[in-house]
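Student: Structure provided below as structure tokens; questions to follow.
The values are calculated or read from the model by the stated rules, or taken from the named source; none is laboratory data. None of the values given here were measured: they were computed from a predicted structure. We place every Cβ from the backbone using ideal geometry, glycine too, and count neighbours over all the protein chains shown.
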Amino acid sequence: MISNILATDMSKHVEVMNKLQAIQGNFEADNQGHRQLLLNLLMKAADVANPTRPFEAARYRAEMLREEIFIQGDKERELGLQVSMFMDREDKNAPLAKMQTGFADMVLLPMYKTLNIFLPDSKPLTDRLLRNRETWGSL
């Protein structure tokens, strides 16, 4: 369980995804390490599943999350720290639609497509993610 939770840390994203890519096509259900990687992937997918929901629900939650990260950026600015990437409400180059499409392209779509390889029945989630990405792109 600890490994699953730690796998949701975005600083571990590339490492987890590289390990999953290494076992694609060679997954062994009786291999504890392989099973653990699959569980890591499932936890990661669940952790960032909001963009796989119907668009209006996903949009509402994205707006709430954006405000949450902006509050952190406000606190960083107040403390005289450099404001973390994507957390600066004063950054006019980071509108919500651009942030959502970028996150989908760079993180979510590759991750959900990997999930589809291991669990083909998860494809409807990826399909909705793609539709939502297109909707964000049109805003």
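Student: Within region 47-62, can you find the residues that are of a type in the set (S, T, N, Q) and under 9 Å from the mean Cα position of the chain (by Cα)?
Tutor: If the condition is that a residue be of a type in the set (S, T, N, Q) and under 9 Å from the mean Cα position of the chain (by Cα), then ASN50 is the only one that fits.
Student: Quick check on my filter: what residues within region 129-139 are in contact (Cβ under 8 Å) with a residue 60 or more places away in the chain and out of contact with any Leu (no Cβ under 9 Å at 6 or more places or on another chain)?
Tutor: ARG131, ASN132, THR135 - these are the residues of region 129-139 that are in contact (Cβ under 8 Å) with a residue 60 or more places away in the chain and out of contact with any Leu (no Cβ under 9 Å at 6 or more places or on another chain).
Student: Hey, another quick one. For region 42-72, enumerate the residues that are closer than 16 Å to ASP9 by Cα and assigned to a loop (DSSP other than H, G, I, E, B).
Tutor: Answer for region 42-72, where residues must be closer than 16 Å to ASP9 by Cα and assigned to a loop (DSSP other than H, G, I, E, B): VAL48, ALA49.
Student: Output the residues belonging to region 16-56 that are surrounded by 12 or more Cβ atoms within 10 Å (Cβ to Cβ) and without any contact (Cβ under 8 Å) to a residue 12 or more places away in the chain.
Tutor: ASN31, HIS34, ARG35
Student: Does GLU68 fit the bill of being of a type outside the set (A, V, I, L, M), exposed (fewer than 15 other Cβ atoms within 10 Å of the Cβ) and within 21 Å of the chain's Cα centre (by Cα)?
Tutor: Judged against the criteria, GLU68 is a match.
Student: State which residue pairs qualify: first residue on the phi > 0 side of the Ramachandran plot and inside region 79-96, second residue part of a loop (DSSP other than H, G, I, E, B) and among the aliphatic types (A, V, I, L, M) in any location, beta carbons under 8 Å apart, and separation of 6 or more residues or different chains.
Tutor: Final answer for the pair search is PHE86/ALA94.
Student: Sticking with this one: Which pairs do you get when a residue that is under 17 Å from ASN18 (Cβ atoms), found in region 104-128, comes within reach of a residue that is among the β-branched types (Val, Ile, Thr) and assigned to a helix (DSSP H, G or I), reach meaning Cβ atoms under 7 angstrom, with the pair 6+ apart or on two chains?
Tutor: TYR112/THR126; LYS113/THR126
Residue-by-condition table, conditions (1) modelled with pLDDT under 95; (2) not hydroxyl-bearing (Ser, Thr, Tyr):
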residue	(1), (2)
LYS92	yes, yes
LYS113	no, yes
ASN116	no, yes
SER122	no, no
GLU134	no, yes
